[in-house]
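Dumping the structure here so I can ask a few things about it.
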Amino acid sequence: MESQDKSIQSITADEIALYDRQIRLWGVKAQEKLRSANILLITFKALANEVAKNLVLAGIGTLTIVDHETVKEEDLGSQFFVAEENIGQNRAQAAAPSIHAMNPRVQLRIDTDDIHTKQPNYFSQFDIIIATELDFAMYTTINAACRLANRPFYAAGLHGFYGFVFADLISHDFVIERSKSNVPSAMQETQTRSIVGITTKKKDNKVIEMVTKRETYSPLILANTSPLPDEFTRLPRKKRQVTPLLTCLRALWEFQKTSGGNMPTFSRQDLESFTKLARDGHQELKLDISTLDSEFLRTFLQNLGSELSPVAAVVGGKLAQDVINVLSAREQPIQNLLLFDGEKSLAPIYPLHPFFPPEVENLMPAIPPVANVVPLDADLTTQ
């Protein structure tokens, strides 16, 4: 109770008026945590625009943006913090005045260094690190540095109609409120989530439980090769519901491992290599191969590297909201890969951890070679 009083005293009347709606939603203590948060945001493209907007308006303490790239003409169609007169300027510096104007109370720092030059200890000064629009090797490098510093890490990106958010919070405790049940709670709810404490309070003549839960996470390098939980593959109907976007994203990351971080082009060699990676990965996930058809593969490849503002708004909003939930230690956080399909307006979450079902512990069947599933017609190969 004493700490809550200190939080109330440290937030001014002006701040209470400014953040009144969200304080009513998540409380003064949560707002105080936001107010003191120091967040790093890497690569300031369309997705990071949305993340920054939501976090700055929520009233975080400090936002540091790292981006060494300049504003290009194609940025103007997907970003709202830069204009035509900013072409050729550093992307983060050009956006800084507009970001600051949204909420002058937030301390804004711009770093124009290449993120590849940062040493591992650089990330320890931040409370949360959000890396966007990087290749797989850089995601895993930053993720490893965050683990060494015991800092929560997010990786996120857009590919046209598609987007993803990956979370590695290492170990995260959060509290939920619920009506007290007569049935004893299972202390181990899932392979990654456990209950570490329960307290009660009375509210409106009802007994309310304050349940503290703990989620444990896996780094991206392990999640990328982990199987789907049995609940997604046990039944044929469940298998068919798993989006092929999961397979394609993992195939993209596997492709980047051997291509120096580059994305596949429409050359015959790249198409065949990517398709084999996708088909092999789909079978390794124990999914129905019929759900990975040539049309989806083609669409995914055509969307690579592009940005769409509506998709950025949805994915960026989900990412920013999860960061706020983590800082306030309320609500279930993303565990651990969220995928967004803008064509179907779906955003499933898959918990990917190196826990193998019993039936495959001693049985790893070879995957036979398959034919290329993407039709290599003249129009496609010449793009």
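A quick yes/no check of all residues on (1) assigned by TED's automatic domain parsing to the domain that holds Phe296; (2) out of contact with any strand residue (DSSP E or B) (no Cβ under 9 Å at 6 or more places or on another chain); (3) among the charged types (D, E, K, R):
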residue: Gly157; (1), (2), (3): no, no, no
residue: Gly160; (1), (2), (3): no, yes, no
residue: Phe164; (1), (2), (3): no, no, no
residue: Asn182; (1), (2), (3): no, yes, no
residue: Val207; (1), (2), (3): no, no, no
residue: Thr212; (1), (2), (3): no, no, no
residue: Leu245; (1), (2), (3): yes, no, no
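Scanning for something at pLDDT 95 or above, of a type in the set (Asp, Glu) and assigned by TED's automatic domain parsing to the domain that holds Ile129, does the range 326-334 turn up at least one residue?
no
So which residues in the range 53-73 are charged (D, E, K, R) and either on the phi > 0 side of the Ramachandran plot or touching a residue at least 24 places away in the same chain (Cβ under 8 Å) (or both)? Give the derivation first.
Here is the first cut: in the range 53-73, the residues charged (D, E, K, R) are 53, 67, 69, 72-73.
Matches in the range 53-73: Lys53, Asp67, Glu69.
Right, something else. What single numbered condition from (1) at pLDDT below 95; (2) closer than 20 Å to His159 by Cα; (3) among the aromatic types (Phe, Trp, Tyr) fails to hold for Phe232?
Among (1) at pLDDT below 95; (2) closer than 20 Å to His159 by Cα; (3) among the aromatic types (Phe, Trp, Tyr), the lone unmet condition for Phe232 is (2).
Name, by its number, the condition in (1) among the hydrophobic types (A, V, I, L, M, F, W, C); (2) assigned to a helix (DSSP H, G or I); (3) over 25 Å from Val211 (Cβ atoms); (4) touching a helix residue (DSSP H, G or I) at 6+ places or on another chain (Cβ under 7 Å) that does not hold for Leu339.
Leu339 satisfies every listed condition except (2).
Every residue, every condition in (1) within 26 Å of Ser345 (Cα to Cα); (2) out of contact with any Asp or Glu (no Cβ under 9 Å at 6 or more places or on another chain); (3) of a type in the set (Ser, Thr, Tyr), yes or no:
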residue	(1), (2), (3)
Ile65	no, no, no
Gln79	yes, no, no
Ala96	no, yes, no
His116	no, yes, no
Gln119	no, yes, no
Ile128	no, yes, no
Phe136	yes, no, no
Phe153	yes, no, no
Phe166	yes, yes, no
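Same structure, new question: Looking only at the range 324-354, count every residue that is more than 12 Å from the chain's Cα centre (by Cα) and among the β-branched types (Val, Ile, Thr) and tell me the total.
Summing the residues that are more than 12 Å from the chain's Cα centre (by Cα) and among the β-branched types (Val, Ile, Thr) in the range 324-354 gives 2.
When you go through (1) within 29 Å of Pro348 (Cα to Cα); (2) in contact with a helix residue (DSSP H, G or I) (Cβ under 7 Å, 6 or more places away or on another chain) one by one for Asn103, which number turns out not to apply?
With respect to (1) within 29 Å of Pro348 (Cα to Cα); (2) in contact with a helix residue (DSSP H, G or I) (Cβ under 7 Å, 6 or more places away or on another chain), Asn103 is out only on (1).
Provide a single number: the residues in the range 289-312 that are more than 23 Å from the chain's Cα centre (by Cα) and crowded, with 16+ Cβ neighbours inside 10 Å. Break it down into steps so the answer makes sense when it comes.
In the first step, residues of the range 289-312 are kept if they are more than 23 Å from the chain's Cα centre (by Cα); the result is 289-295, 298.
Next, from what is left, pick out any that are crowded, with 16+ Cβ neighbours inside 10 Å: 292, 298.
Counting residues in the range 289-312 that are more than 23 Å from the chain's Cα centre (by Cα) and crowded, with 16+ Cβ neighbours inside 10 Å gives 2.
For the range 37-63, give me each residue that is farther than 15 Å from Asp111 by Cα and touching an Asp or Glu at 6+ places or on another chain (Cβ under 8 Å).
Ala37, Ala46, Leu47, Gly59
Quick grid of which residues meet (1) in contact with a helix residue (DSSP H, G or I) (Cβ under 6 Å, 6 or more places away or on another chain); (2) under 26 Å from Val315 (Cα atoms); (3) crowded, with 16+ Cβ neighbours inside 10 Å:
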position: Ser171; (1), (2), (3): no, yes, no
position: Val196; (1), (2), (3): no, no, no
position: Val211; (1), (2), (3): no, no, yes
position: Ser218; (1), (2), (3): no, yes, yes
position: Leu222; (1), (2), (3): no, yes, no
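Please give the helices (runs of 4 or more DSSP H) falling wholly within the range 1-91 in which 2 or more residues are at pLDDT below 75. Working first, answer last.
Numbers: elements: 2-10, 13-18, 20-26, 28-35, 46-58.
Hits in the range 1-91: 2-10, 13-18, 20-26, 28-35.
Name the residue, out of Gln256, Gln283, Gln269, that is within 26 Å of Ile142 (Cα to Cα) and either outside any loop (DSSP other than H, G, I, E, B) or not small (Gly, Ala, Ser) (or both). Write out each step before concluding.
On the way: Gln283 fails: within 26 Å of Ile142 (Cα to Cα); Gln269 fails: within 26 Å of Ile142 (Cα to Cα).
After applying the criteria, what remains is Gln256.
Next question. If we keep just the residues of the range 229-270 that are crowded, with 20+ Cβ neighbours inside 10 Å and among the aliphatic types (A, V, I, L, M), which is nearest to Thr190 (Cα to Cα)?
Step by step, filter the range 229-270, then rank; the result is Val242.
The values are calculated or read from the model by the stated rules, or taken from the named source; none is laboratory data. Everything quoted here is computed from the prediction, not taken from an experiment. Heads up, the Cβs are rebuilt from the backbone with ideal geometry, glycines too, and the neighbour counts pull from every protein chain shown.
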